[in-house]
Amino acid sequence: MRIAAAALVAALGVAGVVRGHDGGDGRYATAVGEEVLPGVVVAAQRGGRYSADLYLTAALVPLRPLGDRVREAVVRGVGAAGLEQALGPVGVTFLSVEKPVDHP
Amino acid sequence: MILLRAVVRVLAFVVLLALALAGAAVALFSIQGGTTGLSIPSLAELIGLPELGGTLDRFLAGLEGSGAIDALEALAGAGAVLLGALLIAGAVTPARERLLSLDDAEEGALAARRRPLAQLASALAERAEGVTAVKARVRPGRRRGGRVTVVADRTRPSSKRDVCAAIGSALDPLTRPFGLKPKIKTKVAQRGGRVQ
């Protein structure tokens, strides 16, 4: 699933995103061959498109703007991979936040 | 489904507890031999097992008989099957994630689990003046939004009203976009709390 890989790479490139989160039991992951991409689920939609849902661990930052930035980055990243025609809705869910080490 | 899962958990706990108690009782009563006093035969007698066995035998014989099935028995059987099916469904159905929705637009949804939001609420509230420690909890609403409950320790000289106002302002970047209603409680910090 090239969309899953492109979407996850794009999301992880956004400042404030720490890593993909597989939900704790692997429910939010996509297997690409032997590789497993934690934190991304791609599903077929009507009209030959695919939705991409990202499940992320974020840094301690405002989540609303971060979510918007992730969505934009995913659309850009998937577009750069030449798959923009196949991309449907992009969902972003924050499953955990990671506090900085020096946080009290 | 949440209720069913809770029922299954409570039932499992009760059954395990009953098993443990029964095991302990059997072990205790087995120490003594004979048929009187503290022994297995007298325990069975005590809890009416022979009578129960006789009653059950008669009940099963009645069920197996050629006559018409009693409506009450049929209903009880159907109820037991239904209860069993519901309990199995409660046990094996995966729990639905309770997420707080930020945006449910056609181009994709934006949501978060309760825990990161509670962590964010704690981090934000800890910045408020006069606060030494914070515990936060987020409960999603039925459709949208929800409630964030913050319990904060404050320094002795700070006033409750000022600290509540400061926490309310500090939480604003979280409560506004997520449609969360803040509920803020404060108490004077005990000794050993973080000094701000």
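Annotations
- Residue in segment A:11-25 that is within 13 Å of chain B (Cβ to nearest Cβ), over 25 Å from B:P94 (Cα atoms), at pLDDT below 90 and surrounded by fewer than 16 Cβ atoms within 10 Å (Cβ to Cβ) present: no
- Test set (1) more than 14 Å from chain A (Cβ to nearest Cβ); (2) open to solvent by 20 Å² or more (accessible area, probe 1.4 Å) - B:G130 fails condition number: (2)
- Unmet criterion (only one of (1) free of Cβ contacts under 8 Å to residues at least 12 places away in the same chain; (2) more than 30 Å from A:Q45 (Cα to Cα); (3) of a type in the set (D, E, K, R)) for B:E106: (2)
- Selected residue [β-branched (V, I, T) and surrounded by fewer than 17 Cβ atoms within 10 Å (Cβ to Cβ)] from A:V32, A:V40: A:V32
- Applying the condition of being farther than 23 Å from B:R114 by Cα and either modelled with pLDDT under 85 or in a loop (DSSP other than H, G, I, E, B) (or both) to segment B:143-159 and asking which residue is farthest from the other protein chains (Cβ to nearest Cβ) yields B:S159.
- Of residues in segment B:61-98 being open to solvent by 60 Å² or more (accessible area, probe 1.4 Å) and within 21 Å of A:L56 (Cα to Cα), the one modelled with the lowest pLDDT: B:R96
- Scanning segment A:45-104 for residues that are assigned to a loop (DSSP other than H, G, I, E, B), open to solvent by 60 Å² or more (accessible area, probe 1.4 Å) and at the interface with chain B (Cβ under 9 Å from one of its Cβ atoms) gives A:P62, A:K99, A:P104.
- Extreme residue, least open to solvent (accessible area, probe 1.4 Å), among residues of segment B:102-121 that are more than 9 Å from chain A (Cβ to nearest Cβ) and not hydrophobic (A, V, I, L, M, F, W, C): B:R114
The values are calculated or read from the model by the stated rules, or taken from the named source; none is laboratory data. Predicted model only: the values in this text are computed from it and were never measured. All Cβ positions, even for glycine, are placed from backbone atoms using ideal geometry, and neighbour counts span all protein chains on display. Side chains included, ligands, DNA and RNA excluded: accessible areas come from the protein's heavy atoms. Shrake-Rupley method; radii C 1.70, N 1.55, O 1.52, S 1.80 Å.
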